[in-house]
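Read through the structure below, which is laid out as structure tokens, and then see the notes.
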Amino acid sequence: MVKPIHFEDFGGVDFERLVFAYLLRAGWVDVAWHGQTGSDLGRDIIGTQVFDDEPNRRTVVQCVNRSSLTKTKAERDMRRPADAPTGKPDAIRFICRANISSERRDHVRIFGRSLGVTHADAWSGGEFEEHLRHDAEFLLRRFVEGVAFPDGAEDLRRFIGDFPDLTDDDALQLMAAVFDRPVFRTPFQGESQLPAFQQAISDTIEALNTGVWRTREGLEVRRIPSRHHIRSAAVRATLATVVEKLDLTRELFRARLADGGVRHCDCGQEDCPVFMVTEAAAAELDTARRDALRTFGSVTHGFDVEIREGRW
């Protein structure tokens, strides 16, 4: 699984099916596979990318299972969805099997803006492979080994949601995605935007306990394995400890809100997102949060804790 994947060995429909399955696994919502029906209005797949710290994006994904992405094809495949009667998307993304030159990437971005599409980019086959390895390696392994995916979109949705053939390592990889959010990257410091911190910790606890992963607005992003899916009793026990440490972090935050260690700024606006955090409270909360991450990392081959701590 460490060698480059030869996407060119697979047909266009198989490539689209893998992209569709990846988007479902990566937490996109309202995903529709138009290329399967033939009435795509220039869109292979359309769905909504969910972000924790910026507005969601209705995104058209063009699957390019060709040896190159030409300028002509890029412009044609961007113009059609931009002019579609269903409305202009927020973003257009090409997912390609081939390498993409920096010149072509720049052209995609600039031409997208000329059409009024704020975000336009292109992934090479190597980049797509990296995202698959990070978010859904079990899909990549199944694809490479020639194990068939379900044919239809609804069958694929059920397949993704049932967590078939997952090892504990696969399940832990999917669970790790809930920690890839600003609440686990942003340092507590003299002045921070923390209005959603408590809710984000609660959402993470819910995801680990039940497998339901939500945005901070309460919308369900997707289902992931819960800690109860794990076969190893020792790993399940460690995950229970992670939940306990996350709960401790949440309780510390509540306590510091009560005693003034964390408080709103003095502007007088109730909805102001700026909080003031004392040095002692920041150190205490950083330590508790880092302890939870390290405990999770102890059963996930190091997770990404060192990188995340470097960001702090």
Notebook entry, point to check: Taking 0.36 nm per intervening residue step and subtracting the Cα-Cα distance, what contour gain separates Thr287 from His6 on full extension?
Noted result: 96.8 nm
Next item on the list: Calculate, for Ser67 and Asp155, the FRET efficiency according to 1/(1 + (r/R0)^6) with r their C-beta to C-beta distance and R0 41 Å; round to the nearest 0.05.
Entry: 0.85
Notebook entry, point to check: Around Ala255, with a cut-off of 13 angstrom between Cβ atoms, what is the net charge of the other residues, counting Lys and Arg +1 and Asp and Glu -1?
Noted result: 0
Checklist line | Share, in percent, of DSSP beta bridges within the range 6-127 that are antiparallel, nearest 5 | finding: 40
Checklist line | Ser102 paired with Ala84, simple spin-label distance in nm, labels 7 Å along Cα-to-beta-carbon | finding: 3.3
Item checked: Probe 1.4 Å - accessible area at Leu257, Å² to nearest ten -> 70
Check: Can you work out the FRET efficiency for the pair Ile110 and Val274, with r the C-beta to C-beta distance and R0 = 41 Å, to the nearest 0.05?
Finding: 0.70
Checklist line | Inter-part distance where the range 64-96 and the range 260-301 are each reduced to a Cα centre, Å | finding: 42
Margin query: Just to confirm a number: summing +1 for Lys and Arg and -1 for Asp and Glu over residues other than His228 whose beta-carbon lies under 14 angstrom from that of His228, what do you get?
Written below: +2
Notebook entry, point to check: Roughly what would the spin-label model give for Arg58 and Ala255, points 7 Å off Cα along C-beta, in nm?
Noted result: 4.7
Next item on the list: Quick one: order Glu251, Glu16 from most to least accessible surface, probe 1.4 Å.
Entry: Glu251, Glu16
Check: If you take the beta carbon distance between His229 and Glu206 as r and set R0 to 22 Å, what does 1/(1 + (r/R0)^6) give as a FRET efficiency, to the nearest 0.05?
Finding: 0.90
Item checked: Additional length obtainable on full extension of the chain from Glu127 to Ala237, 0.36 nm per residue less Cα span -> 36.1 nm
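The values are calculated or read from the model by the stated rules, or taken from the named source; none is laboratory data. Computed from a predicted model, the values in this text were never measured in an experiment. Here Cβ is always computed from backbone atoms with ideal geometry, including for glycine, and neighbour counts include all displayed protein chains. In case anyone asks, the SASA skips ligands and DNA or RNA and just uses the protein heavy atoms, side chains included. Shrake-Rupley method; radii C 1.70, N 1.55, O 1.52, S 1.80 Å.
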